[in-house]
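Notes for the one structure printed next.
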Amino acid sequence: MEELKSQKVADQQEILELLTAIARGETISATLRGIGEGAQTIDEDLPPTTAERINRLSWELYLALDVRHIFSIS
């Protein structure tokens, strides 16, 4: 059971590797693209935009640092 718990929680190295990949734009993203007459298609395997990278990094850091208690968020 203890081993299962440890597999579910990312260690520091995994978190740093993920944050680095996000910061470098090495992750992939999916974006909706209009194809005319109100229709859309999903473009996959695109590099994330700068805004997506910043948002993702902010969220990952929030989770990694567990700052909920600072902002009184439950």
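Considering only segment 11-38, state which residues are at negative phi, in a strand (DSSP E or B) and either in contact (Cβ under 8 Å) with a residue 40 or more places away in the chain or not hydrophobic (A, V, I, L, M, F, W, C) (or both).
SER29, THR31, ARG33, GLY34, listed by residue number.
Which residue pairs have Cβ atoms closer than 6 Å, lie 6 or more positions apart in sequence or on different chains, and pair a first residue in segment 39-56 that is surrounded by 13 or more Cβ atoms within 10 Å (Cβ to Cβ) with a second residue that is in a helix (DSSP H, G or I)?
Cβ pairs passing all conditions: ARG53/ILE22; ARG56/ILE22.
Filter segment 3-42 for residues that are of a type in the set (D, E, K, R) and more than 18 Å from the chain's Cα centre (by Cα); which is farthest from LEU61 (Cα to Cα)?
Taking the candidates together, the pick is GLU37.
Kindly indicate the residue of segment 12-33 that is in contact with a helix residue (DSSP H, G or I) (Cβ under 7 Å, 6 or more places away or on another chain) and not β-branched (Val, Ile, Thr) and also surrounded by the most Cβ atoms within 10 Å (Cβ to Cβ) among those meeting that condition.
LEU18
The numbers here are math on the coordinates, done by the rules we state, and not lab data. Since the model is a prediction, treat every value here as computed from it, not as a measurement. Neighbour counts are summed over all protein chains in view; Cβ atoms, including those assigned to glycine, are modelled from backbone coordinates with ideal geometry.
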